[in-house]
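Taking it in order: structure first as structure tokens, then the write-up.
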Amino acid sequence: MRAPFNNQFFQDQFNDDFIESIDPIDIERKKEIAGIMLQDLMNRQSGNVVAPDTTGVGFYFLMNFITPEMSCDFALIEQDFLKNCRSKLDEFRQAGWYGDKSFRTNKPNDALQNCVLRLIYNGAKLGDEYCLELIKNLYKVYHKREYNRLKRFRTINADEILSLSEDDIFGDWFSSAGRIVAMCQFLGIELNDNCSFIYKLLNNGREEFLAKEDEDTFFDDLDQELFDECSEQVSDWLNELEKQNVPYRKMIKKYLEASDFIGICMKFNGYAEDYPKLCLENDMGLRLQMTRTLAMLRTWKPNKEFTFDEVQFYTSLYDLSAALTDVADCLNYEVGYLIGDEIDEIDINESLFNPANMTVNKRSKKPEKKPAINVAPLSKGDVSTEDYLSEIAELRKKLNEKEQENRYLREQYRNAKRSSEETEGLVKKYEAERDELIALREYAYNSEHKDDEIAVDKLPDMEKAIADKKIVIIGGHVNWQNKLKKLFPEWLFVSTDAYKTVNSGMLEDKDKVYFYTDYISHISYKKFIAIVREKNIPFGYIGSINIGSVVAQIYGEMER
């Protein structure tokens, strides 16, 4: 995030040389700041002063309060905090949410430490003596230079805060300003009325930051049509190898080689070889993993043709990345539950464990909860009465809770939508394959009984009963088709090479489609079976050249 002032704000702003050298983004930022400052000045002059929202202050305080040195020592800090405040975690958690460091954009360790720091910060805001002393001690030890400069103040104005913030050696103005304003409250330093615009500026910066974070972590959805095409391509590759009687492990040789090397790397780091597989929360099988991988590859490079070997190699990388994100997600949820985050109602309803069924003969006195005040001691005038401030604080607390809830629900919705779309596609695919298997089973049965005696005297009645049915025969030798055409001129007969000009309209409103298995090309079958599945048309298989057997089979299936 850019600092609001990269150079002096009021000096030489209209000098030609200065204007030519200034950063256009810097100009836009200064316009924004000038607007906020002007509006704030007008509000104060008119007496329209309302206690500022300190959410942005809390957000930027938490963003960079933990220094590299503090991070190294954080195990000692959090253990001492838990030893003193373990029973108050739920109270601290509910005091306020500002937008934690996300597990999706930060190292797990940074996100975890930020989560604990939020509890400490909220405890200090609530007036907890230990948390207040801990925050001040951490500031004094790990931000010594800034502390030594700030402790000299008894009151501080906006210019002084800006000056201290711009001197930050890390160059992050927003984090410095948030840290300084927050510490002023904890150190008993009174903030001048003209500091109110800083709150607005930090809130705007927070909103921009979270919006950008949402954009960066939004799921990239796969096109469903592309996903289906990739699923078919992967099936074709595997089916072709099956026809060649290639053993399964040889089919996926490249995938296994890459996985073996990943296993070697895991062992080198002291983990089990199959650790990535153990971490996968949504492993739906190698075929689907390859389909996802191919769909992502074609989205990434739409003009490149990927080989099966390449897809296998990239699938191993996909598995590794999926395992990494699954670990972070699980850690995120579990840490949240440990500090009191609400468990999804569905999980509660489906749980076999019910704490209400337990009886513990131990009385414990509930600690008295203190109201969370999320405002700064800045307002003056009639509008800043204690009741009004308390109401504002309560409304902001509820707003923060809803903001956190909406963020969680948004993430759940994106996860559910993605899984639902993939699952729906798989269900359709499996239902179509099930219908095909049923038809093949009937075909196998008919083939075994093709020599069963057929009552010749009943054939004319059978022919008459099915003559007006809307039947399609795909495949078969031309002479065989011609014999059937004489008996059933209303039926549609499709030659084996018709796939070259296949028209899905020819199968509209048909009662049933039959494939002649002994005389049809693989390409032709694939084209027509896809249309049959798409339009949900009943289908079956014929394997006999005997016209009487064909009539009896179709009659039996159509009349039952």
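Quick notes on this one:
- At a probe radius of 1.4 angstrom, the accessible area of the stretch 75-154 per residue rounds to 49 square angstrom.
- Whole-number percent relative contact order across the stretch 107-245, with pairs defined as alpha carbons under 8 Å at least 6 apart: 18 percent
- Gyration tensor verdict on the stretch 510-560 (Cα atoms; rounded if a/c is under 1.5, prolate if a/b is larger than b/c, oblate otherwise): oblate
- Residues whose amide H falls under 5 Å from that of residue 540, counting only those 5 or more places apart or on a different chain, are 513, 514, 515, with hydrogens built in the peptide plane.
- Projected label points at residue 509 and residue 75, each 7 Å from Cα along the beta carbon direction, are separated by 7.7 nanometres.
- Theoretical FRET efficiency, 1/(1+(r/R0)^6), r = Cβ-Cβ of residue 280 and residue 461, R0 60 Å, to 0.05: 0.50
- Rounded accessible area per residue of the stretch 234-353, 1.4 Å, Å²: 66 Å²
- Take 58-71, 303-316 and order them by the average number of nearby Cβ atoms within 10 Å per residue, most first; the result is 58-71, 303-316.
- Pairwise label distance in nanometres, residue 154 with residue 104, each label 7 Å out on the Cα-Cβ vector: 5.0 nm
- Computed label-point distance, nm, for sites residue 305 and residue 487 using a 7 Å Cα→Cβ extension: 4.5 nm
- Taking a point 7 Å out from the Cα of residue 265 in the direction of its Cβ, the residues of the stretch 300-331 whose backbone N falls within less than 16 Å of it are 312-327.
- 5 angstrom amide H check on residue 493, placed H, neighbours 5+ away: 473
- The HN-Hα couplings worked out from phi for the stretch 286-303 by the Karplus form 6.51 cos²θ - 1.76 cosθ + 1.60 (θ = phi - 60°) are 5, 4, 6, 4, 5, 5, 4, 4, 4, 5, 5, 5, 6, 6, 5, 10, x, 9 Hz, whole numbers, x standing for Gly and Pro.
- Judged by the ratio a/c of the largest to the smallest principal axis of the C-alpha gyration tensor, the stretch 52-166 counts as rounded, that ratio being less than 1.5.
- For the stretch 218-329: span of alpha carbons on each principal axis (Å, largest first): 41, 39, 23
- Surface share of carbon and sulfur [accessible, 1.4 angstrom probe, percent] for the stretch 79-168: 43 percent
- Global form of the stretch 244-291, assessed from the alpha-carbon gyration tensor, a/c cut-off 1.5: oblate
- Within the accessible area of the stretch 252-325, the carbon and sulfur atoms contribute 59%, probe 1.4 Å, all protein chains present.
- Quotient of the Cα radius of gyration of the stretch 99-200 and 2.2 N^0.38 Å, N being its number of residues: 1.11.
The values are calculated or read from the model by the stated rules, or taken from the named source; none is laboratory data. None of these values were measured; they are calculated from a predicted model. Please note: Cβ atoms are built from the backbone with ideal geometry, for glycine as well, and neighbour counts cover all protein chains shown. All accessible areas refer to the heavy atoms of the entire protein, side chains included, with ligands and DNA or RNA removed. Shrake-Rupley method; radii C 1.70, N 1.55, O 1.52, S 1.80 Å.
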